[in-house]
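The structure under discussion appears below in the form of structure tokens.
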Amino acid sequence: MTQKPKVAFFDFSSCEGCQIELTNFGDADFLELLNHIDIVEFREAMSEKTDDIDIACIEGSFTRESEKDRLIAIRNRAKIVIAYGACAHTAGINALKNHTTDFKKAVYGQDADQPHLNSNDKALPISHVIKVDYFAPGCPMSKYEFLNIVSHLLHGKEPVIPTYPVCVECKRNETICRYDVGDHCMGQVAMAGCGAPCPSQGIPCEACRGFCEQANLTALENTLINKAGFSASRAKDKLRMFTNALLPDTSNP
Ligand code: SF4
Ligand code: SF4
Ligand code: SF4
């Protein structure tokens, strides 16, 4: 009998919400996947470990120089690395701290000086440190997309992640555009693949999946200002929510 691929899960700076998504995944497709892989390391669900990994799935962003060796060691142990969730893919909301110097005080107040809160100035996608083979974007990541990526790899096929914007999926759903009801939205620049659930539920897309190919950020800013009535600074801030680490200038505004 052929040996099942060994799959391991790791976390860096994150809320671990994407891991929770996986452990909550009780539907038949995921249970079927478990018949075809061996999960050999997954801190959220088991205590066993191994050195030998076929697929390493990494959640969370790189925020501490001291974590570099661990990240590189995981890369060296694995044949394939999947970065899953916005924190690993774009540095996600962790990168909000990249444009402010007083982030620890703002969040932790008088406890801000505790040593375990020390991290380097910028939160970065893990692809800044190691080679990443595939991304499962989103906050949280789409468990169905994750399943699709792993399933393609098990069948020796290349996973397909859309490069077009969320607006395409939104139009396919025949959802009324948020701009037509006096709201705002970032679907024009956001990477599709989620099925545009936010506009479908009457809330704006915040580009949690990162930017699509050829995203026109200047056009988005102008739309936020001219159509949604945002101030110039609010329009710029809007781009930072999940994608701050991807912007050319992440220093102080
Ligand atoms: S991507 Fe979102 S849900 Fe996933 S770990 Fe990061 S903050 Fe949590
Ligand atoms: S609601 Fe958002 S995603 Fe949908 S068409 Fe309008 S801008 Fe695009
Ligand atoms: S619609 Fe936008 S914010 Fe909502 S899941 Fe998709 S990319 Fe993320």
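The values are calculated or read from the model by the stated rules, or taken from the named source; none is laboratory data. For clarity, every value in this text was computed on a predicted model and none was experimentally measured. Cβ atoms come from the backbone with ideal geometry, glycine included; neighbour counts cover every protein chain shown.
Applying the set (1) modelled with pLDDT under 95; (2) not in a loop (DSSP other than H, G, I, E, B); (3) not acidic (D, E) to K171 leaves exactly one unmet item: (1). Considering the stretch 107-132, the residues that are within 19 Å of the chain's Cα centre (by Cα) and surrounded by fewer than 16 Cβ atoms within 10 Å (Cβ to Cβ) include one that is farthest from ligand 3 (Cβ to nearest atom), namely K131.
Take K157 and decide whether it is more than 16 Å from ligand 1 (Cβ to nearest atom) and not in a loop (DSSP other than H, G, I, E, B). Criteria not met by K157. Looking across V81, V129, V189, one residue alone is in contact with a helix residue (DSSP H, G or I) (Cβ under 8 Å, 6 or more places away or on another chain) and in the same structural domain as R234 (by TED's automatic domain parsing). It is V189. In the stretch 176-188, the residues that are under 17 Å from A219 (Cα atoms) form Cβ pairs under 6 Å with partners that are in a loop (DSSP other than H, G, I, E, B) and more than 14 Å from ligand 3 (Cβ to nearest atom), at six or more places apart or across chains, as follows: Y179/K227; H184/A228. Residue check: G138 meets all listed conditions (1) touching a Lys or Arg at 6+ places or on another chain (Cβ under 8 Å); (2) closer than 25 Å to L33 by Cβ; (3) without any contact (Cβ under 8 Å) to a residue 60 or more places away in the chain; (4) surrounded by 11 or more Cβ atoms within 10 Å (Cβ to Cβ) but one, namely (3).
Among the conditions (1) within 16 Å of ligand 3 (Cβ to nearest atom); (2) over 23 Å from the mean Cα position of the chain (by Cα); (3) closer than 23 Å to L22 by Cβ, D183 misses just one, which is (3). If you go through the stretch 87-110 and keep only what is touching a helix residue (DSSP H, G or I) at 6+ places or on another chain (Cβ under 8 Å), more than 16 Å from ligand 1 (Cβ to nearest atom) and without any contact (Cβ under 8 Å) to a residue 24 or more places away in the chain, you end up with K104, Y108. For the stretch 57-82, a residue qualifies if it is under 13 Å from V7 (Cα atoms) and surrounded by 23 or more Cβ atoms within 10 Å (Cβ to Cβ), and the qualifying residues are C57, I58, V81, I82. If the condition is being closer than 19 Å to T90 by Cα and either at pLDDT below 95 or within 10 Å of ligand 2 (Cβ to nearest atom) (or both), then the stretch 197-206 contributes only C205.
Within the stretch 99-120, the residues that satisfy the criterion of being touching a Ser or Thr at 6+ places or on another chain (Cβ under 8 Å) and in a loop (DSSP other than H, G, I, E, B) are S119, N120.
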